[in-house]
Amino acid sequence: MVDDDSHDRTEDVARQHRVKYVRVRCHNTGRSREEGLELTRTKYVAFLDDDDAWLPGNMEAQLAALEEHPHAAFAYGIARCATEDLQPLPMTFPSPPLASGIAPEQLHVDYPNIGVVLFRRDAVVEAGGFDPRIKYQQDADLMIRLAARREIVGVEAIGMLYRFRAPSKARADYFWSNREITNWWPKHVGVGWKAAARFQCKMRRMFYHIFCEDAAVCVALGHRRDALECLLRALWVSPSRALRHGRTLVSVFWRSIRGTHLRSVAAPVIGADTRLLGSEIAQSVTGTACGSSEAHRHGSR
C-alpha cells in the first residue's frame, strides 16, 4: 500500500491487515504509483485507488488472458458504478465489445478504470511508466502508450465498484482545474482525428453535465455565487450543449440570481448523473479516467 501523505488511520488499518505499507509525500498520483511499481518484483501488477473496491475474483479473467497472450501489455475488464457508500448502480463501463489487439483508437474512445487493468510489469517499465507531469488521466496516458506498442486484451468480466462522488462546488472546482482534458489528443500513438474528436466530445459532454449538477445543488443550498460559477463553467466547456439545453440552463441561472430554491429543475439535472452520463462520468475520473474522485483522494493503493 502506497499512502500519499494521508491524514487518517490508513497506516493503522494497513498494519492490522499485515500488508506492506509505504508512506510518501509526492502529492502526485503518477509519482505515488511509480513508488509502488518500483517496489514490485512480480510478473504482473495492478492498481486500486483508495475509494474504489475490488469484487471477488477480480483479475482472474485478466490473468488468464495474459497467460494466453504472452505479448499483450495488459488485460482489462469492466467496472460497475456505485454510490458513495458503495451500493452498486446499473451502469458499467467500458461498454462491450471491448477493444482487443493493436487497438489504440478503440481504447481511446472508451478507457477502462485502472482498477480492472492487469499490467505486464515489464511492458509498463519499457513504456516509461506513469508520467508525473500529467495530473489527470495519468492511467489513460499510460494505457494508450502501451496500446500503441503491444496488443491489449479486453475480457467481459465485472471486477470492481467505481464510486461516484455527490455533486458539490468542490467537485466542480476539481474538474475545472483539469478542464484541459477536454482537448486531449495523444500524438504518435495511432490516434486519428476522428477518434480524438469523439473523445473530446465525450469529455465535454461529461464536464457539462457535471457542472450543471453542481450548479443545481448550489442553488438548492442557497449558494448563488457558486451556482453562477458552475453555470458559466458549463457554458464554457460546451457552448453547443448549453444552447441545446438553453431552457434548463436559463432556469437555473435565473433562480441563482433571484436566490429561489430549485425544485422543478434540480431533479432532472441531478438525474443526469445516471441517465445521461453513464460510463462517461466514470471514465474521467480516470480516474482514468474520467466522476473522478481524485479530488477527494489522499492516498493510493
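Data table
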read-out	value
Per-residue Cβ neighbour rank within 10 angstrom, fewest leading, Asp4, Asp12, Asp131	Asp12, Asp131, Asp4
FRET efficiency, 1/(1 + (r/R0)^6) with R0 25 Å, evaluated for Arg18 and Glu38 via beta carbons	0.70
Amide H within-cut-off set for Tyr44, under 5 Å, with H built and near neighbours excluded	Arg121
Residue-by-residue Karplus 3J(HN,Hα) for segment 23-37, coefficients 6.51, -1.76, 1.60, Hz, glycine and proline x	9, 10, 10, 7, 6, 7, 4, x, 5, 5, 5, 5, 4, x, 4
Ser95, Ser251 arranged by Cβ crowding within 10 Å, fewest neighbours leading	Ser95, Ser251
Label point at Asn183 placed 7 Å out along Cα→Cβ; residues across segment 201-231 whose backbone nitrogen lies under 18 Å	201-208
For Ser177, Ser168, order by how many other beta-carbon atoms lie within 10 Å, fewest first	Ser177, Ser168
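Each value in this text was obtained by applying a stated rule to the coordinates, not by laboratory testing. All values reported here derive from a predicted model rather than from experimental measurement. Quick reminder, even Gly has a Cβ in these numbers, built from the backbone with ideal geometry, and neighbours come from all protein chains shown.
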